[in-house]
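These notes are about the structure you will find just below.
All of the numbers you see were taken from the coordinates with simple rules; none came from a lab. Since the model is a prediction, treat every value here as computed from it, not as a measurement. Using ideal geometry, Cβ is built from the backbone for each residue, glycine included, and neighbour counts are taken over all protein chains shown.
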Amino acid sequence: MRTGRSQSGDKDKNVLSVIRRLHSFLALRPYTIIMFGALFCTLAVKFFQSWRSELLNEYISWVLADIFVLLSIEVVLALVCFQWPRRWVVRTATFIAALVCTWSVINAGWLIRTGTQILPTVLLPLIRDPLNSLGIVGINLIKMPKAAIALLVPSALALAFFFHILAKPKPPNYNPKRFAKKIIISVIIIIIALVARKTDARRGSPQIVSAGLRFNSQIRAIESLILSDYKLIPNPKRKIPYFDEIKIGATSKLTNHNVVIIVLEGIQYEYTSLADEQNNLTPFLNTLTEDGVEFVNTRSTVTHTTKALFALLTGQFPSTSQDIAETVPASKPYASIATILKEHLGLRTAFFQSAKGNFESRPSLVYNLGFDKFWSRDDLEDANSFLGYLACDEFSMLEPITKWIKSDEKPFLLTIMLSVTHDPYEVPDWFAEPAKEPLERYKQTVRYTDKFLASLDLELSKLNLKDKTIFCVVGDHGEAFGEHGLLGHEWIAFDEALRVPFCLRAPSLVEPRTKITELVSSVDLTPTLLALLGFDISSIGFDGVNALDRMPDDHKVYFSGWMQQGPAGFVQGSRKFIYNPTNEIVTVYDLSADSLEQDRIEMDTQQSEKIANEIVTWRNNNIFLLGQQQTGKKVVFDRWLCRWSNRICSARYIKQ
């Protein structure tokens, strides 16, 4: 009679035997197994994306290029190993297959997170700021456990298999007839995929999101490293004026109001009560518009926080390039609202933010904008107030803000950047129990931010400053939650990422309940505020305009994503033109009839090329030249060590 222990031992032996036989089979064709793993991963994630975005009818057109490219690579590797069945050949083929598969896994993760395919430039932040970037990756993996398990577990098994093959490769032992049949079948499939893709390309798709999913990520990655269309223009000519290079006068007696600018990070206009009073997420913003003015048609210039801040606070277009050139410490501050108000009205200036300072080297950006004081979550003594990898409980800023205001009788410019609405969308435990779904967590942060705004306004009232303070709230960019099958904001030109809230209260300077429906841009904030205070802005050369003035009929609001190969365009009247570099197509929407941007308008080739050239020219002309040395370091605000190389800067907090 067999005991339970012996039966268990037999089962273990059987399992081990199956594993050994499976390994022996896989080890004979490791490159083939890995390539089919890459193909399966790509097909599966694109199917998931087509299901998530309700575009299953587009799925076949999305994967034809992948079938053609990945199966072709597998055929080539198999033929090479068949012709030269040596260990070093197998190692090389396996290594190439592993590189291709690794990129497929990275692309799959990016596609799940953003709804777009990845390019190598997306990985630049990982190289220049690995700690912050890995923190973001880790948080996203935690917040998306199913996707993390689906990607990481097979990847770990494949990695172990890969290293084992490299250490002990087995020369392939082919059955020539079977091998020939397999190659013939693969070639037939490759030809079918190629012909079908060419036919499908002529047919086109009404969905702009499809344009970015029809290409193979490996081929596009190689193209982006070789072709000039993907690279930054080598010799930018544009220069940003320093604070002492502009001349500004007054149209009348200057108004010596305090100015408070609150920048909301990543708040989509449609998730505010300004767009829909019934959602009740931002009642304070509604109250603010009743006391002042709302600019209901405002769009971000560049959907990236560093770029948007530069546009908002200088009135100039930021460098429309995938870098953070605005943060590289300049020899002296650029002309900005801070430098102008400090020089001409004697205002003291401060920049507070709930985010940590080393994220995209915010201290050096604020230094370049000419502020006297910089405060970030690093200045909090209690780390228990930290939220996620980036932000802190914004109510913990009220005390230091109030203390700074009370430290001097002089009027002030106070800019506050609120980042709780940034991914991973966490609110303090005292405010609410965190929701489970990302969109619900996001709504919680929007509601929380509105509560903070109300509390800040109450503090100003307690200090008897409300009636002599311009109180302005504006967004840096929006945030997408799958409205067009896309997530995030960096690579999106739809209004969920572009349109932002913008309203202000200016006692005795603007009529309450004023609504400005004309097109407004991020670059219009500084000219508008300066004009309100009585400055003559005509001689400065702003890219923006006074949004309270009547706009010309041909007024255009330009916009761009941050990614080098991301979309760009402009809005003129009710028509929105989007140029997508991935397929060099211009898409047009009539926002008056199609506010959700679902039905694109076709253009003839000649008109499309003309508008594409205009958009590309605008983007290239706004990449600005840096006058600094290629590399260097500088201490700013006495406690931030900033180091830069070319157009990238990093910051490290120096503890006192």
- Query: Among all the aspartates and glutamates, which ones have a C-alpha under 19 Å from Lys466's C-alpha, if same-chain residues fewer than 8 places away are not counted?
  - Reply: Glu290, Asp291, Glu294, Glu399, Asp408, Glu409, Asp450, Asp457, Glu511
- Computed, not fitted: 222 nm per-residue ellipticity of the chain from DSSP H runs ≥ 4 (each -39500 (n - 2.57)), nearest 500, equal to -14000 deg cm²/dmol
- Query: By a straight-distance test (C-alpha under 17 Å), which lysines pair with Lys307 as possible cross-link partners, with residues fewer than eight away in the same chain excluded?
  - Reply: Lys239
- Query: Give or take rounding to whole Å, what are the principal axis extents of the alpha carbon atoms in region 267-653, in descending order?
  - Reply: 62, 53, 46
- Query: For the residue pair Val80 and Leu463, what label-to-label distance in nm results when each label sits 7 Å from Cα along the Cα-to-beta-carbon direction?
  - Reply: 6.7 nm
- Karplus (6.51, -1.76, 1.60) ³J(HN,Hα), θ = phi - 60°, over region 328-341, in Hz, Gly and Pro reported as x: 5, x, 8, 5, 7, x, 6, 5, 8, 4, 5, 5, 5, 5
- Query: Rounded, prolate or oblate: which fits region 310-387, taking a ≥ b ≥ c as square roots of the Cα gyration tensor eigenvalues, rounded meaning a/c under 1.5, else prolate when a/b beats b/c?
  - Reply: oblate
- Treat the count of other C-beta atoms within 10 Å as a stand-in for reagent exposure and order Glu437, Glu74, Glu360, Glu409 from fewest to most. Glu409, Glu437, Glu360, Glu74
- Above-threshold pairs, the threshold being 27 Å between Cα atoms, out of Lys342/Lys556; Lys253/Lys468; Lys356/Lys403; Lys237/Lys610; Lys468/Lys515; Lys332/Lys356: Lys342/Lys556
- Around Lys515: net Lys/Arg minus Asp/Glu count, Cβ-Cβ under 12 Å: -3
- Query: Which FRET efficiency value, to the nearest 0.05, do you get for Leu225 and Thr605 by plugging their Cβ-Cβ distance into 1/(1 + (r/R0)^6) with R0 = 25 Å?
  - Reply: 0.25
- Task: Using per-residue counts of other Cβ atoms within 10 Å, averaged over each peptide, order 328-338, 414-424, 502-512, 249-259 from highest down.
- Result: 414-424, 328-338, 502-512, 249-259
- Note on the structure: Applying the gyration tensor rule to the Cα atoms of region 570-656 (axes a ≥ b ≥ c; rounded if a/c under 1.5, else prolate if a/b exceeds b/c, else oblate), the class is prolate
- Footprinting exposure proxy for Thr631, Thr526 (fewest neighbouring C-beta atoms within 10 Å first): Thr631, Thr526
